1. How large, in percent, is the carbon and sulfur part of the accessible surface of the chain at a probe radius of 1.4 Å?
2. Subtract the Cα-Cα distance of Ser108 and Glu90 from 0.36 nm times their separation in residues, and report this length gain in nm to one decimal.
3. Would you mind checking which residues have amide H under 5 Å from His137's amide H? H placed 1.01 Å from N; only 5 or more apart, or other chain.
4. Can you check how the C-alpha radius of gyration of the chain compares to 2.2 N^0.38 Å, as a plain ratio?
5. For the chain, what does the relative contact order come out to in percent, with C-alpha contacts under 8 Å and a separation of six or more?
6. Given points 7 Å out from each Cα along the Cα-Cβ axis, report the Thr256 to Ala328 separation in nanometres with one decimal.
7. Across every pair of different alpha-carbon atoms, what Kirkwood hydrodynamic radius in Å does the stretch 158-276 reach?
8. Just the number please: accessible area per residue for the stretch 7-336, 1.4 Å probe, all protein chains included, in Å².
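The values are calculated or read from the model by the stated rules, or taken from the named source; none is laboratory data. All of these numbers come straight from a predicted model, not from anything done at the bench. Neighbour counts are summed over all protein chains in view; Cβ atoms, including those assigned to glycine, are modelled from backbone coordinates with ideal geometry. Areas reflect the complete protein model, heavy atoms only, side chains present, ligands, DNA and RNA absent. Shrake-Rupley method; radii C 1.70, N 1.55, O 1.52, S 1.80 Å.
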Amino acid sequence: MKMLTNRLFFAAASAALLLASCGPQAAPDIAAAPGACDGVAAQPLRDVCILAADDMEGRMVGSEGGARARAYVLSRFEDMGLPPVQGGYEQAFDVARPLDLRERNSLSMDLTGFNLIGLIEGEDPSITMVVTAHYDHIGMDEEGGIFNGADDNASGVGGLLAIAEHFLDNRPRHNVVIAALDAEEGGLDGARHFVANRPEGIGEIAFNLNLDMLGYSDDGRLFAVGSYHTPELVGLIEAAAAQSPITLLAGYDRPTENRRDDWTLLSDHAAFHLQGIPFLYLGVEDHPYYHTVNDTFDIIMPDFYLGAVETAIDVAVRADAMLPELAAIRQARAQSAP
Ligand SMILES: [Zn+2]
């Protein structure tokens with residue numbers, strides 16, 4: 001998330017990628033999950049542990065580590081019985097990444113990204129909520145240091161999988177698309193490709209719930225971003241906050257001088273917002289581990305994180321109930337758009 005100024009690591013990671021970027025990577029058969037995570041009981045924490053393990057090599061788009069992460073997410077989709085869209089989960093797309101961002105005219109590498117998409121059909125399949133979380137991260141540095149990306153964004157993927165499991169057990173009123181997105185780092189490419197190439201048969205997209213960094217907050221606060229643009233969501237946030245085991249606050253969506261205080265365009269929800277689709281983004285404030293090699297599983301706060309996942313599920317259930325109203329807002333925006 002918040003990829004405003006991350007030039008350095010890209011150069012390094014690009015080097016790692018160069019080795020791996022020989023066209024689309026076949027999804028490797030992952031062996032059993034690394035032993036290190038066997039003792040982690042709560043499923044969302046276990047997902048974070050596995051996706052943030054060293055063998056995922058920081059999950060850079062187009063890299064072997066990225067392919068391993070993809071294989072893990074797909075194995076979770078299959079194990080929980082999440083139906084694919086259009087006969088398959090994978091939505092491949094081209095993405096270019098500069099070899100070295102320090103060089104304005106740097107050569108770029110053509111890579112293939114993969115969005116992973118499932119559909120839970122609701123009682124009324126005409127309108128749809130799309131729940132997103134990016135599974136990619138920024139790879140490795142020049143010394144081979146791994147950007148494990150436990151909070152950014154293995155934590156969001158754990159939340160996404162928990163929401164999928166909830167709606168598979170409790171049929172939603174409307175369609176729910178579950179989308180693990182690729183290539184968020186460095187351009188929101190997966191989200192932009194998804195919005196421009198919506199799978200057929202998913203219904204009209206009325207709302208996006210995006211999860212990015214749910215796992216670490218030294219003051220116990222999770223933010224819900226988006227009600228400034230869709231004031232009708234204020235009630236939903238207040239009701240979810242009253243129910244939440246952690247502190248849920250609306251904010252970080254008003255236009256401000258300091259770009260870092262407006263998160264409207266800083267993660268995958270931006271691609272939906274720019275199409276006039278109402279969104280809520282759930283995430284924590286920046287912390288010292290953000291985009292460092294120290295964003296590892298052991299910084300994740302289990303109680304806070306599981307509270308954030310529980311809150312994300314509750315927000316998704318409330319949004320499902322509110323979807324016809326959100327669809328009307330979306331349509332009104334489409335009609336009034338220049
Ligand atoms: Zn992120």
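1. 51 percent
2. Between Ser108 and Glu90, full extension yields an extra 4.1 nm.
3. Placed amide hydrogens put Met60, Val61 under 5 Å from His137.
4. Its radius of gyration relative to the 2.2 N^0.38 Å reference: 0.92.
5. 20 percent
6. 3.3 nm
7. 15.9 Å
8. 39 Å²
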